[in-house]
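Reviewing the structure listed below.
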Amino acid sequence: MNSVYIHSGVSISAQNTFEEGIKEVEELKFTENSQVKAFKINYKEFLSPIASRRMATGVKMGVVAAKKVIQKAGEDTVDAIITGTGLGCVEDSEKFLNAVIDNDEQFLTPTSFIQSTHNTVAAQIALSIKNKGYNMTYVNGANSFEAALLDGMLLLNEENETVLVGGVDELGKRFINDYEKIYQQDVSFSEGANFFTLGARKKENSIAQLLNVEVFQEIDEDNLLKKIASFLEENSLKVSDIDAVILGINGDAYDSYYQKIQSELFTDTTQLKYKNLSGEFFTASAFGFYVATELLNKQELPTNCFFNSVKKEDYKTVLLYNQYLGKQHSLVLLTSC
Amino acid sequence: MANGVAITGMGIISSIGNTVEENLQSLLSESDGISTIENIATRHANNIKVGEIKLSNEELAKLLALDNFEKYSRTTLLGAIAAKQAIESANINDVNQYKTGFISSTSVGGMDLTEKYCNTFFDAPRNEQFINSHNASESTQQIASFIGLTDFVTTISTACSSAANAIMLGARLIKAKKLDRVIVGGTDGLSKFTLNGFKTLMILSDKKSQPFDKNRKGLNLGEGAAYLVLESEEVVAKENKKVLAFLSGYANANDAHHQTASSEEGEGAFLAMKKALKLADLETSVIDYINAHGTGTPNNDASESEALKRIFEEVPIFSSTKAYTGHTLAAAGGIEAVFSILALKEQKAFANLNFADEIEKTQLKPTTKTVEKEIKHVLSNSFGFGGNCSTLIFSKV
């Protein structure tokens with residue numbers, strides 16, 4: 001499979017990345033009930049007030065990120081729309097579920113049910129830009145975004161020119177409180193939409209090259225080094241070719257996976273983290289992908305992204321590795337154009 | 001695309017049977033699986049008909065020799081049964097012998113458990129595990145563990161076109177040489193959430209559904225699971241595998257019309273069929289049977305009929321098998337893929353039950369009898385909320 005190009009990226013996150021990109025900011029620390037909502041942006045430029053009122057957070061973030069990222073790429077439209085989401089449209093799912101239970105199946109209205117399906121974001125993007133192309137939604141927990149990326153790469157190897165790929169998750173109001181009671185880490189739970197346009201060909205404004213993506217449902221910690229080594233080998237790269245490794249470190253017990261490769265594989269590589277800025281959510285790794293594109297373009301990142309003190313003159317090739325609760329691992333390789 | 005991607009195994013559980021053979025016998029004897037709901041306590045029980053599998057979760061778990069059945073959602077149990085059958089039917093002993101993937105799909109995942117436990121997650125320590133049941137990847141994860149796959153595993157959710165998209169992705173990964181072998185399909189158990197959702201949309205029939213009939217009142221919800229095994233040319237040659245059929249064409253398009261309703265002219269369906277035929281390099285005239293989406297709702301059947309008329313100069317023999325199984329949502333594309341392969345194998349086009357009169361505007365008449373005929377290519381449609389439209393084309397070996 002040929003590598004592809006990233007033409008543009010847009011991030012809606014707990015930080016003001018939508019307007020300002022990645023900047024030096026305060027970390028999002030986990031405390032009880034400290035869920036951090038996405039930074040409030042001005043949706044008016046992209047959505048009518050009526051549309052904006054009707055849309056749940058995830059749909060709103062997704063549609064706006066999609067519109068802006070297509071605009072930023074200098075395109076009118078795309079050949080395909082692919083989203084990845086962990087819990088999908090959880091706000092509307094909860095709303096309908098609560099109504100079914102609380103009212104014992106009576107007095108229900110269809111609106112929240114209609115908007116509860118996981119493919120609502122991709123569908124609303126298609127509707128809002130009148131796109132009749134390929135439309136797909138992945139819902140595989142922490143590597144939902146990477147499955148979408150892989151699909152995007154496949155499509156660009158099948159005669160398509162431009163595809164839109166994004167990761168989106170909203171906090172919701174109900175399940176997140178339950179999650180918080182049993183899953184705790186150093187960073188807050190949060191939400192966001194990180195969208196990108198990918199193209200088969202390099203353009204003047206291309207921001208990076210996507211070399212490869214691989215997803216794994218489970219990896220034994222003892223096998224991790226082997227899996228990463230063979231992934232690099234498949235791409236004809238050595239550990240020393242990787243200038244920075246961008247890790248989904250969040251401070252929970254499963255950080256042992258990251259620690260293993262930090263101490264045994266990438267000792268002379270810049271080690272970076274990002275969930276202290278984005279918070280944790282199933283598609284937080286799409287924010288990590290955004291961080292990677294920012295590093296390749298600007299050659300710098302906020303100091304609180306740096307985990308170790310190794311610095312490189314030139315950041316050219318980076319590897320992203322993420323997992324959540326020891327499951328749904330992903331490896332993504334990017335290089336500068 | 002010469003031949004397409006080889007299908008070497010299939011498995012299914014639906015309201016018309018717990019195995020491929022049982023499903024075939026029900027199709028041939030024209031007996032539906034539509035009944036009054038028993039497994040879910042709902043106040044709508046007397047106002048709806050469903051394609052329910054009459055086995056409790058405990059009984060389903062027994063079929064899998066799983067103890068502690070309460071750990072699993074109905075979606076997981078149904079999926080594991082169908083996936084296990086598919087692997088056995090492909091004569092696979094070691095599931096990790098080749099680079100093998102698992103692509104599942106679901107609409108609501110473990111909603112049955114979510115509904116049951118969401119107010120009592122912390123009342124007992126054992127309830128905490130069900131916090132994850134809302135996550136659509138949970139059923140996929142459990143099925144993957146059950147069949148012993150740990151590497152390439154993913155979940156698709158594009159409403160009622162989900163399994164068709166899972167099959168399509170599997171074929172594309174094989175063609176791109178990312179995988180040698182892949183198990184693809186979908187699973188959905190009935191839940192109160194879905195029943196009430198469709199109820200509020202007022203598209204559930206209180207009688208057995210009548211796909212493509214002028215007086216159709218709506219759909220019957222169903223439940224089930226089905227998976228196919230797809231294998232690369234190299235594996236088929238090396239293992240001297242028996243090929244059941246080829247997936248020769250596939251496509252996905254969006255109607256871009258409305259969140260839940262299909263456009264009057266069936267634009268998304270038209271585009272999906274057109275692109276799939278082009279990929280398969282087939283003329284419309286060689287399609288011998290169409291397994292339509294045909295949910296039995298006024299909107300879908302009118303829209304799909306328009307699309308069929310736009311694509312086919314003369315619409316070939318067609319039917320919807322949803323009057324047998326009910327609409328099994330994310331699993332439908334998988335279940336109907338199995339039926340399409342059975343149509344090729346048996347050289348039979350299956351009956352569209354409960355049909356009496358043509359829709360006035362389109363005047364399309366599905367086959368009301370199961371007919372024997374030469375079938376080389378079957379086209380299968382799956383459409384969903386969000387304008388998602390997918391078409392698969394299956395071809396005889």
message = So A:T85 ticks every box in (1) surrounded by 24 or more Cβ atoms within 10 Å (Cβ to Cβ); (2) more than 23 Å from A:L211 (Cα to Cα) but one. Which box is left unticked?
response = (2)
Single unsatisfied condition, A:I101 versus (1) under 22 Å from the mean Cα position of the chain (by Cα); (2) of a type in the set (V, I, T); (3) part of a helix (DSSP H, G or I); (4) at the interface with another protein chain (Cβ under 9 Å from one of its Cβ atoms) = (1)
task = Return the residue satisfying two criteria in turn: it lies in region B:371-397 and is within 14 Å of chain A (Cβ to nearest Cβ) and polar (S, T, N, Q), and of such residues it is surrounded by the fewest Cβ atoms within 10 Å (Cβ to Cβ).
result = B:N388
ask   = For B:K345, are the conditions met, namely being surrounded by fewer than 24 Cβ atoms within 10 Å (Cβ to Cβ), under 27 Å from B:G79 (Cα atoms) and modelled with pLDDT of 95 or more?
value = yes
message = Test of understanding: among B:T76, B:T100, which residue is out of contact with any Gly (no Cβ under 9 Å at 6 or more places or on another chain) and either of a type in the set (V, I, T) or on the phi > 0 side of the Ramachandran plot (or both)?
response = B:T100
task = Considering each residue of region A:104-154, count those that are at the interface with another protein chain (Cβ under 8 Å from one of its Cβ atoms), hydrophobic (A, V, I, L, M, F, W, C) and either surrounded by fewer than 24 Cβ atoms within 10 Å (Cβ to Cβ) or farther than 28 Å from B:L279 by Cα (or both), and give that number.
result = 5
query = What are the pairs, 6+ residues apart or on separate chains, where a residue within region B:330-343 that is farther than 15 Å from B:G9 by Cβ has its Cβ under 7 Å from a residue that is surrounded by 24 or more Cβ atoms within 10 Å (Cβ to Cβ) and acidic (D, E)?
reply = B:A330/B:D188; B:A331/B:D188
message = When you scan region B:145-156, do you find a residue that is more than 7 Å from chain A (Cβ to nearest Cβ), surrounded by 24 or more Cβ atoms within 10 Å (Cβ to Cβ) and modelled with pLDDT of 95 or more, even just one?
response = no
ask   = Which residue out of A:E94, A:E27 is touching a helix residue (DSSP H, G or I) at 6+ places or on another chain (Cβ under 8 Å), closer than 21 Å to A:S190 by Cβ and modelled with pLDDT of 95 or more?
value = A:E94
request  = Kindly establish whether A:K311 is in contact with a strand residue (DSSP E or B) (Cβ under 7 Å, 6 or more places away or on another chain), free of Cβ contacts under 8 Å to residues at least 60 places away in the same chain, within 25 Å of A:F39 (Cβ to Cβ) and charged (D, E, K, R).
outcome  = no
request  = Among the helices (runs of 4 or more DSSP H) lying completely within region B:124-243, list those that include at least 2 residues that are of a type in the set (A, V, I, L, M) and under 24 Å from A:Q328 (Cβ atoms).
outcome  = B:137-147, B:162-175
message = Step by step: first the residues of region B:288-316, then only those that are of a type in the set (A, V, I, L, M) and in a loop (DSSP other than H, G, I, E, B), then the one that is nearest to the chain's Cα centre (by Cα). Which residue is that?
response = B:A292
request  = Return yes when A:E91 is in contact (Cβ under 8 Å) with a residue 60 or more places away in the chain, acidic (D, E) and assigned by TED's automatic domain parsing to the domain that holds A:Q71 and no when it is not.
outcome  = yes
inquiry  = Among the listed residues A:A14, A:A66, identify the single one that is among the small types (G, A, S), within 14 Å of chain B (Cβ to nearest Cβ) and on the phi < 0 side of the Ramachandran plot.
reply    = A:A66
inquiry  = Between a residue in region B:132-144 that is at the interface with chain A (Cβ under 7 Å from one of its Cβ atoms) and any residue that is surrounded by fewer than 24 Cβ atoms within 10 Å (Cβ to Cβ) and hydrophobic (A, V, I, L, M, F, W, C), which pairs come within a Cβ distance under 7 Å, given they are 6 or more apart or on different chains?
reply    = B:H134/A:F175
key: Which numbered condition A:N42 misses (of (1) free of Cβ contacts under 8 Å to residues at least 12 places away in the same chain; (2) surrounded by 14 or more Cβ atoms within 10 Å (Cβ to Cβ))   = (2)
query = Here are some conditions: (1) out of contact with any Asp or Glu (no Cβ under 8 Å at 6 or more places or on another chain); (2) away from every other protein chain (no Cβ under 11 Å). B:D180 meets all but one. Which one does it not meet?
reply = (1)
request  = For region A:225-236, state whether one or more residues are modelled with pLDDT of 95 or more, out of contact with any Leu (no Cβ under 6 Å at 6 or more places or on another chain), on the phi < 0 side of the Ramachandran plot and assigned to a loop (DSSP other than H, G, I, E, B).
outcome  = no
inquiry  = Can you find a residue that is within 16 Å of the chain's Cα centre (by Cα) and surrounded by fewer than 23 Cβ atoms within 10 Å (Cβ to Cβ) anywhere in region A:25-37?
reply    = yes
query = Within region B:264-287, restricting attention to residues that are surrounded by fewer than 20 Cβ atoms within 10 Å (Cβ to Cβ) and not in a helix (DSSP H, G or I), which residue is nearest to the other protein chains (Cβ to nearest Cβ)?
reply = B:E265
message = Against the definition (assigned to a loop (DSSP other than H, G, I, E, B) and not β-branched (V, I, T)), how does A:K44 come out, yes or no?
response = no
key: Meets criteria (in contact with a Lys or Arg (Cβ under 9 Å, 6 or more places away or on another chain), acidic (D, E) and either assigned to a helix (DSSP H, G or I) or closer than 20 Å to B:N254 by Cβ (or both)) for A:E75   = no
ask   = Looking at (1) under 23 Å from B:I183 (Cα atoms); (2) within 12 Å of chain A (Cβ to nearest Cβ); (3) not small (G, A, S), which is the only condition B:Y117 fails?
value = (1)
ask   = Is at least one residue of region B:240-250 within 12 Å of chain A (Cβ to nearest Cβ) and modelled with pLDDT of 95 or more?
value = yes
request  = Go through (1) surrounded by fewer than 24 Cβ atoms within 10 Å (Cβ to Cβ); (2) in contact (Cβ under 8 Å) with a residue 60 or more places away in the chain; (3) within 14 Å of chain B (Cβ to nearest Cβ) one by one and return the number of the condition A:V168 breaks.
outcome  = (1)
request  = Would you list the helices (runs of 4 or more DSSP H) that sit entirely within region A:243-321 and hold 2 or more residues that are more than 16 Å from the chain's Cα centre (by Cα) and among the hydroxyl-bearing types (S, T, Y)?
outcome  = A:256-264
inquiry  = Just checking, does region B:71-78 include any residue being assigned by TED's automatic domain parsing to the domain that holds B:L228, of a type in the set (K, R) and modelled with pLDDT of 95 or more?
reply    = yes
message = Among the residues that make up region A:56-75, is at least one of them assigned by TED's automatic domain parsing to the domain that holds A:E158, at pLDDT below 95 and surrounded by fewer than 17 Cβ atoms within 10 Å (Cβ to Cβ)?
response = no
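The values are calculated or read from the model by the stated rules, or taken from the named source; none is laboratory data. Here the structure is a predicted model, which means the values were calculated and not measured. Glycine also receives a Cβ, built like all others from the backbone with ideal geometry; neighbour counts cover every protein chain displayed.
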